[in-house]
Structure formats: C-alpha cells, structure tokens
C-alpha cells in the first residue's frame, strides 16, 4: 500500500490545485535538519552517537449499531457507481474539532463504505468493480479575521510515507468541502472571513489498499490554514489526529494513550513498550520570566517500523530506549514564545545525550501569560538505560523570536529512576 495509497487520480489533482492551491508535502519532514547544538568536551564524559535521522532516499466487519439507522452519509457514492453499498465502519463521534488561529475544522462523522458490483468503476478502485470509500462529513469555518488558505487533510496509513490525498470523483461538486470562489494554480482559492462550508471529504481505495490499511493505526494529517497562498503565514500548526478505520484499529490507538505524545507515536515511527514511568514530578525552575516545570519522565523500548529502521543509528545490535520528558512551559515574557526549538542534554557521569528534535512535539507557540507543553526525547542503548539510575537534564537554549529566550542561562533538573 505504500506505493499505491499515495497515488492521486488526475481528477483529484486538478480539483486540489484549483480549489486550494498546492498541498503541503506531508513527507517533507523526511529531510528535517537536526538542531545545531554547541558541542561540549569533558575529560570524563563523551557524547552519545545514538540518534534518529529522517533522511530516506481480510475485510473488516466492524460496523457499529448506528450504521443501519444513519444509512450512507453520501448517497451519491451509490448513485454514481450504480453498485451496492454497505457501511462497514461508522464513527458518529470522532472528536476531531480543531482551531487554527480562528480557522476551524471539524469532522462530525465518518464512515467506511464497501462498494460492490459497481457498473461505473471509479479510477481509484484499480479497475475492479469492488472497492471502499472513506467518507467524512466535515465543516470548515473561517473566523480568523481575514482570508484563509486551507488544504483538505491527507490520510496516513502505517506511517508518514504511506499517505493518500482526498478524491473527488464520488462527491458531487456542491457537496465538496472547498471555498465558494474557485481558484487557479496561479491564484488559489481561499475562504473569506466568515465563510463556512459543510460537506464531504472522501478517500477512495481498492480492496487491496483497504485491506493493507484497515488495521493500521491510521491518522488524519490536518495541515494548518494560512494567510497567504504560499502557506508561509501560518494560522495555527499542523495537527495529526487518530483516525481509526476499524474496531481493531481503534483498540490499538486507545492502548497507545498511555504513552507521552511525542512524534514517535504520532507518526507511527516505532511501536513502544513501557519500561518505566515517573509521573507527577512537577518540579519547577524559572529563568528570564519563563517557568519550566518537569511534569514526568517516561522510558520506553522501541521497535521501529519498517520504513524507519535505518533512521536509528549508533545502537549496534542493542535494543533502543527512548526517554520522553514532559514539560510545561509558562511564558511570562512580553512576546510569544515558540516551543519547537529546544537545545537540551540528558547527562550521566560518562555520557551526554542530545535531544532528538525530529522526534519531539509541542503545543505550538505560547502567547504571553499562557502555558504550553513540550515533549523532549532522548535515545540510548538498552544497556545504558539499565546501568544508569540517575540523570541530569540540562536545558541550554530555547530559540525565541529574538534569539535565546533564556539569555544564555542554563536550567537543570535531577532525574532519578
């Protein structure tokens, strides 16, 4: 499915370019740069070389009891294919309600619809008379105060290299989620301030694509809205949300809720096994009007997924352990504080571990007087985890809008297992 799921029909591509401009490349983070960190030397210590680098050259019958009552969300699927339709999964409360700086995106319901004996076979079914349609009933509402450019979300399968953009061949023009005014590739359409649209967003799958996807911990990748057509002036930040397509998939994602929300889980980079958890630490340090509170530390063993195995280097034949540190950041400064660029070390007497920025997550820019969450991630060999009971967490730098928000001051915490 890795290859096939990412293919977009010609019709779909034309619509996306016309309605909303060029889509964000959801795989663009393959070439994320590691944050530059000033190297330290100490006679008794050495720096860990273990790291994560993102450079890369059977049908489910989980329909719940609401399916028969609610029927098919989009009746045009059956009308256009002239086939039989059956809801095999129905989520009437997906809890997807996002706010991108006043631009709102909500999914009120979605279904997985099995199509059989289609007389008019859509391109996306691979030439077969049978396939599957994932239909979302969604609403966008622009309350940002100005025009907003927004691309409908992508569907992620086993990981971020396994994605699919929306299809439009089985959605009537009037029912598509798109701006009222059409655009062109050189002048993409946008939502005017106050504009609202409720309609369908759909993904069309062949039977083999569906079978490859149905039990994965699938996600919906919802890119941020933007004030400009080049998508540079962000309204909020991209969100990746759970989007199960079967009961089995939902159970897997529910089980993962016990893990801290770093990118390892969000992007399905590796399966986690909990080794140890020190929760509710709640130790606070303050520097330059920024409160940093260490909420907890979670240690997990990682089993990388196939596409990411080569991204983990420096571990030899040993198992990989991730140390995820959950921090609360309160911004007492007069300007907004981004949380995406931290420089930090986790130290033992013999080793410095650098934080892995491409595996970390945060709640976005924090306005003055408000708080946000930051998840720092460090990687080590299993033997190093087992042999060390004490660590020292040092936060050396937080890149603000005007340089180092800590003003070259270091914040440290003693971490004991």
Separation in nanometres of the label points that stand 7 Å from Cα toward Cβ, at residue 281 and residue 318: 2.1 nm
Theoretical gain in end-to-end length, residue 97 to residue 371 [0.36 nm per residue, Cα-Cα removed]: 96.6 nm
Kirkwood Rh and Cα Rg combined as Rg over Rh, evaluated for the stretch 317-417: 1.01
Peptide ranges 148-158, 407-417, 122-132 listed from the most packed, as the mean C-beta count within 10 angstrom indicates: 148-158, 122-132, 407-417
Value of D in µm² per second that Stokes-Einstein yields for the stretch 196-348, Kirkwood Rh from Cα pairs, at 10 °C (1.306 mPa s): 83 µm²/s
Label zone at residue 233 (point 7 Å along Cα-to-Cβ), backbone N below 12 Å, the stretch 299-338: none
Solvent-free Debye scattering, log10 I(q)/I(0), computed from the Cα coordinates of the stretch 144-251 at q = 0.18, 0.23 Å⁻¹: -1.00, -1.30
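Throughout, read-outs are computed from the coordinates displayed, never taken from laboratory work. Model, not experiment: these values are computed from the prediction. So basically every Cβ, Gly included, is an ideal-geometry build from the backbone, and we count neighbours across all protein chains shown.
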